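The values are calculated or read from the model by the stated rules, or taken from the named source; none is laboratory data. Given the structure is predicted, the values throughout are model-derived calculations rather than measurements. Positions of Cβ are backbone-derived with ideal geometry, glycine not excepted, and every protein chain shown enters the neighbour counts. Calculation scope for accessible area: heavy atoms of the full protein, side chains included, ligands and nucleic acids excluded. Shrake-Rupley method; radii C 1.70, N 1.55, O 1.52, S 1.80 Å.
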Amino acid sequence: RCEAPRIGGTKLEVNMSDSKVIAVVGATGAQGGGLVHAILNDPDEEFRVRAVTRDPSSDKAKALADLGAEVVAADVEDVESLKKAFDGAYGAFCVTFFWEHFSPEKEAGHARNMAMAAKEAGVEHVIWSTLEDTRQWVPVEDDRMPTLMETYKVPHFDAKGASDQVFDEMGVPTTFLLTSFYWDNLIHFGMGPQKADDGSLTFVLPMGDKKLPGIAAEDIGKCALGVFKRGSGLIGKKVGIAGQHLTGEEMASALSDALGSKVAYSAVPFDVYRSFDFPGADDLGNMFQFKHDFEDQFCGARDLELSRSLNPGLKTFDGWLAENKGKISVE
């Protein structure tokens, strides 16, 4: 086990040395960052956090160090660096970064590297941030939705879901955390309400009248902390989390209330969404179609009561909007 950093008083040193280390991959990102902050702010001080990042000299990494995190350098491309980062840790949070490279093959390789490093470092509890392999519902030869990159239906889902078995086959003690649509996407990526020439606002979401599980990005980290606090109870289990399951109409209504202007819901067809001119539009179009066509299974895998039991402070969409409406650009 790593020695506790020396921070002032004796009492803190004793408490910290008694707590277990959680190594968090992607510590400066949305999911990993949420977990780092959740551990640092946990009054129980049950865990210490080791923030794993490619660049410890970045402003975000320095900010985490200032808050009390142990910051270490490692790259998901480099299994040896991951082994060092995981050495002596009780737990590890593993996540991949599809939208940096748009390569499901790279994503699968990174997942394998993390699984291998966790196995060799003897990590006792891994959380693997995963999603469904949609090909189990819509095979590659099924023409209900286009096949992308020759072998995928929803590339940024399928590579994660297929990597679940890697953690299983290596015998890594893993909880498989099924995440949901980040409401924070309404701030980024142009997914928020769009303003027309006449000033009217439209919220575009190709979900018809089906419900979309969503969550505040920071709550993913808080739920992950809840999983670690359960100890071995959730090892080997799939745990799906969401803050709410909402239709596009319900989201548009909440946006109208929060922004003080009418927001109309536009349920564009999947083919139209796939044709939009931004990187990954076809992938996201297929994703929304999968969530639409398999609403019962997708929502059913994301238990709201379980999510709240892991994270009692879990935000609703209204609660998230109350804190973030000022960040949603409608220009």
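The combined condition, being open to solvent by less than 50 Å² (accessible area, probe 1.4 Å), small (G, A, S) and part of a strand (DSSP E or B), is not fulfilled by A252. The sole residue among A73, A65, A69 that is out of contact with any helix residue (DSSP H, G or I) (no Cβ under 8 Å at 6 or more places or on another chain), within 15 Å of V49 (Cα to Cα) and either open to solvent by 30 Å² or more (accessible area, probe 1.4 Å) or hydrophobic (A, V, I, L, M, F, W, C) (or both) is A65. Looking across the range 300-331, the residues that are under 18 Å from L246 (Cα atoms), in a helix (DSSP H, G or I) and either of a type in the set (G, A, S) or open to solvent by 20 Å² or more (accessible area, probe 1.4 Å) (or both) come down to G300, L304, E305, L306, S307, R308, D318, G319, A322, K325. Quick check, is S261 more than 22 Å from the chain's Cα centre (by Cα) and open to solvent by less than 60 Å² (accessible area, probe 1.4 Å)? Criteria met by S261. Of the residues that make up the range 263-283, is at least one within 17 Å of G319 (Cβ to Cβ) and touching a residue at least 60 places away in the same chain (Cβ under 8 Å)? Looking for residues that are within 17 Å of G319 (Cβ to Cβ) and touching a residue at least 60 places away in the same chain (Cβ under 8 Å), one finds none in the range 263-283, hence no.
Filtered by the rule that a residue be in contact (Cβ under 8 Å) with a residue 24 or more places away in the chain and open to solvent by 20 Å² or more (accessible area, probe 1.4 Å), the range 32-41 gives H37, L40. Just so you know, in the range 157-188 the residues that are part of a loop (DSSP other than H, G, I, E, B) and farther than 19 Å from K83 by Cα include one that is most open to solvent (accessible area, probe 1.4 Å), and it is H188. Given the structure, is V49 on the phi < 0 side of the Ramachandran plot, in contact (Cβ under 8 Å) with a residue 24 or more places away in the chain, buried (at least 19 other Cβ atoms within 10 Å of the Cβ) and touching a Phe, Trp or Tyr at 6+ places or on another chain (Cβ under 9 Å)? So V49 fails the test.
Could you please let me know if F288 is open to solvent by 10 Å² or more (accessible area, probe 1.4 Å), aromatic (F, W, Y), out of contact with any Lys or Arg (no Cβ under 6 Å at 6 or more places or on another chain) and in contact (Cβ under 8 Å) with a residue 60 or more places away in the chain? Considered against the rule, which asks whether it is open to solvent by 10 Å² or more (accessible area, probe 1.4 Å), aromatic (F, W, Y), out of contact with any Lys or Arg (no Cβ under 6 Å at 6 or more places or on another chain) and in contact (Cβ under 8 Å) with a residue 60 or more places away in the chain, F288 comes out as no.
When A92 is tested against (1) crowded, with 23+ Cβ neighbours inside 10 Å; (2) touching a residue at least 60 places away in the same chain (Cβ under 8 Å); (3) of a type outside the set (S, T, Y); (4) not in a strand (DSSP E or B), just one condition goes unmet, and that condition is (4).
Counting the residues of the range 170-213 that are touching a Gly at 6+ places or on another chain (Cβ under 6 Å), under 19 Å from G319 (Cβ atoms) and not hydroxyl-bearing (S, T, Y) gives 3. Within the range 264-285, being surrounded by fewer than 17 Cβ atoms within 10 Å (Cβ to Cβ) and among the charged types (D, E, K, R) holds for D271, D277.
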